[in-house]
Structures are given as structure tokens and as C-alpha cells.
Amino acid sequence: MRTYTNVFDLGDLKTALAEAFEIKNDRYKYESLGKHKTCLLIFFNNSLRTRLSTQKAARNLGMDVIVLDVNQGAWKLETERGVVMDGDKSEHLLEAIPVMASYCDIIGVRSFAQFESRTDDYTEKIINQFIQHSGKPVFSMEAATGHPLQAFADLITIEEYKKKERPKVVLTWAPHPKALPQAVPNSFADFMNEADVDFVITHPEGYDLDPKFVRGAKVEYDQMKAFKDADFIYAKNWACPGVTNPDDYGKVLSKDMGWTVDSKHMAVTNNAYFMHCLPVRRNMIVTDDVIEAPTSLVIPEAANREISATVVLKRMLQSL
Ligand code: AN0
Ligand code: CP
């Protein structure tokens, strides 16, 4: 595997899940694969889970790890070509990428949507430059429009907890005070559309996700109707994807607290499990009682980030 940015990079999901459970049973099974190999993790944005779980995954495989927080101690990077660099940015990404690549074998990049241009975000301008100019395998640790390590961990979690062959999985928008990217819901939809589940997306009008990720999924604007008989509720906020009106891209169109996942919502489900990628704002996205209930999977989900990252890094090591 040379790139990991979406579900199709994984190939057959049953095989990927089998590899995940093999690693979960014995996470050091491939410890010798990464000897004298270095994984560089580059963060343009904050992280708790991705930062820790990806380092742990690399160490499971015997790799050395370097973590760079671009905004803490590195030179400020210009990302646009053709700019006269007379401002506060001292270095261009086009030099920084090959330099960073010269010290490692595999590169992980976290670079959120910037909400300045829908086109720049949806063409994945930053991570694609790493793919193009590094000459190394590159994986997303949440890029502008996708978070595939999260979605793979979510799929593993659903596989572990499902009580029927084809569970009903509902992705629901929930309110948040600030604009958040669509990366998590996009990738969740990307994965659920390829998995053996009955997948429904629910959100207020105007929040439609990009058709590239929605594909054939059912979209239901009535949240309560969507929740009916669900086996898994996956909550997430996202800012306006700008599908119906590009001028609204990145805007917060609603903070409707009627969409907060509470026990009244959960009561119409089939005793559904609650999922969220974290970090989560309690009593905005989900109430205390729902996230603290025995049916809340937020911690096992986060723990499975180590597993999804180990599978991806293992496949990348095998491609070197
Ligand atoms: C980020 C997001 O919504 O994309 C990261 C989630 C994994 N969340 C925040 O910035 C709060
Ligand atoms: N879920 C997730 O990716 O969390 P972090 O932003 O803390 O890495």
C-alpha cells in the first residue's frame, strides 16, 4: 500500500478486518517488519488519539517514530506556489516535503480543511503534495476531506459489537459551537457504503455531504425517523459542506440543540450503541447519560485506532 486516504486503498474489507483481528490478537506479530524503518508523523493540527495510537502502532511494528508539530518549533510553511514570500512564512512546502522525506520511510500527515476554498479542500491540496513530492508511502491522519484511520477503527468496532449480520447504522449530525470539517462523516460514509450494513445519514437541510461520499446511502432529514430501530448511532458535527450552495461552505448554519443525542432519541432505537470519534463536547453533541451508558462505544472505538493504524503501517512496510 503506497497511499492511504480512503476506503478503496484498503481493497477487500473482509480481508482488512481479518488482518485487524489478527493484529488485535497479537499486536507484536509483525514486530520485525519495521526494524530500521522510520515513520514520520506530521501534525498541522492538534491531536490526542491519532498522535498516540499511530506512534503505538509504529512501535508495535518495530519502527522508529519522529513526530513533528509544524506549528510548534518548525518554520512557518507556505503552501501556495508563486507567492512572493515576504510575509511570516520562512519555508515552502515544496522544499520541506523532500527534506522531511529524506529522514524517513513512511509519512503520516494531519492537515484539516482550511475552509478558505472548497476546491482546495476537496482536491486535498496539502496531502496530495506530500504524495506527489515525497517519494514515500503517505497516509492520512485526517486530511481536508477524510479521516480513514478513524473510519477503519469504527468499522472494526461495529464488526466487534454487531448482534446481527446486517445492522442498521445511522450517521447523525449534532450541534457544535464552532465550524468543524467534514472529514470524519465523509470517511464514515465512505466505509459504511462499502460495508455490509444498512446505512442511513440524517442531518438538517443544507448539511448534505458531498455526493462522492454519500453515494447510494439513504438520507433522512427527520432525525427521529432515521433513529427508529437503529443498531448503531454515530454522531458527529460538521460545518456546511456547500453542496447545495457553495457560498455556504464551512458555515455553521444551525446550532439546533434538538439534534443533541439524548435518551429520548436513543429510546426509539433497537437499544443502539452510541459512537463518536472524540473529542466530543458533552451536552452539545451527546448528553452525559448517553455517553456514559454501557451502550457507549467511544472508548473501545478510540482503542481500535491502534489496530487500524497497525494494519495500515504493516501494509505500507510490506510495500517498501
Ligand atoms: C476535528 C474534526 O471534527 O474533524 C477532529 C476530530 C477527530 N475535531 C475538532 O477539531 C474538535
Ligand atoms: N479521533 C481523533 O482523530 O482524535 P484526535 O483528533 O485526538 O487525534
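At-a-glance table
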quantity	calculated
Per residue accessible area in Å² of the chain, where ligands, DNA and RNA are left out and the probe is 1.4 Å	43 Å²
Residue of Ser32, Ser308, Ser111 that the Gaussian network model of the chain assigns the largest fluctuation, springs spanning Cα pairs under 10 Å	Ser32
Filter on Lys56/Lys89; Lys162/Lys225; Lys14/Lys56; Lys56/Lys264; Lys218/Lys255; Lys164/Lys251 - keep pairs with C-alpha separation over 28 Å	Lys56/Lys89; Lys56/Lys264; Lys164/Lys251
Over the range 150-301, relative contact order from alpha-carbon pairs under 8 Å, at least 6 apart, %	27 percent
Whether the range 39-180 is rounded, prolate or oblate, judged on the alpha carbon gyration tensor where a/c under 1.5 counts as rounded	oblate
Mean Cβ neighbour count within 10 Å, used as a protection proxy, ranking 309-318, 292-301 highest first	309-318, 292-301
Equivalent ellipsoid semi-axes - Cα gyration tensor, the range 200-320, angstrom	26, 22, 14
Relative contact order for the chain, counting Cα pairs under 8 Å that sit 6 or more residues apart, in percent	20 percent
Theoretical ellipticity at 222 nm over the chain - DSSP helices of four or more residues, -39500 (n - 2.57) apiece, nearest 500	-10000 deg cm²/dmol
The range 1-126: relative contact order as a whole-number percent, Cα under 8 Å and 6+ apart	26 percent
Bins of 5 Å, starting at 0 and running to the largest distance - Cα pair percent for the range 103-257	2, 9, 18, 21, 19, 14, 9, 5, 2, 1, 0
Ordering of 14-22, 68-76 by packing [mean C-beta count within 10 Å, highest first]	14-22, 68-76
Between the range 76-128 and the range 231-277, the alpha-carbon center distance in angstrom	31 Å
With every protein chain in place, the chain: carbon and sulfur % of accessible area (1.4 Å)	50 percent
Dipole magnitude of the range 150-301 about its Cα centre (Cβ charges: Lys, Arg +1; Asp, Glu -1), debye to nearest 20	160 debye
Whole-Å distance, taken between Cα centres, linking the range 19-54 and the range 130-175	16 Å
Cβ crowding within 10 Å averaged over residues, with 143-154, 250-261 ranked highest first	143-154, 250-261
Shape of the range 1-108, Cα gyration tensor, a/c cut at 1.5	prolate
Among Lys56, Lys35, Lys236: highest mean-square fluctuation, GNM of the chain, C-alpha pairs under 10 Å	Lys35
GNM result for the chain, Cα springs below 10 Å: residue of Glu142, Glu165, Glu78 fluctuating most strongly	Glu165
Shape of the range 64-129, Cα gyration tensor, a/c cut at 1.5	oblate
Heavy atoms of Arg59 accessible to a 1.4 Å probe, total area in Å² rounded to 10	130 Å²
Unit charges on C-beta of K, R, D, E only; dipole of the chain, Debye	640 debye
Unit charges on C-beta of K, R, D, E only; dipole of the range 83-138, Debye	200 debye
Stokes-Einstein diffusion coefficient of the chain, Kirkwood radius over Cα pairs, 37 °C, 0.692 mPa s, in µm²/s	163 µm²/s
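The values are calculated or read from the model by the stated rules, or taken from the named source; none is laboratory data. Model, not experiment: these values are computed from the prediction. Methodologically, a virtual Cβ is constructed for each residue, glycine included, from the backbone with ideal geometry; neighbour enumeration extends over all protein chains shown. Just the protein is used for accessible areas: all its heavy atoms, side chains included, with ligands, DNA and RNA removed. Shrake-Rupley method; radii C 1.70, N 1.55, O 1.52, S 1.80 Å.
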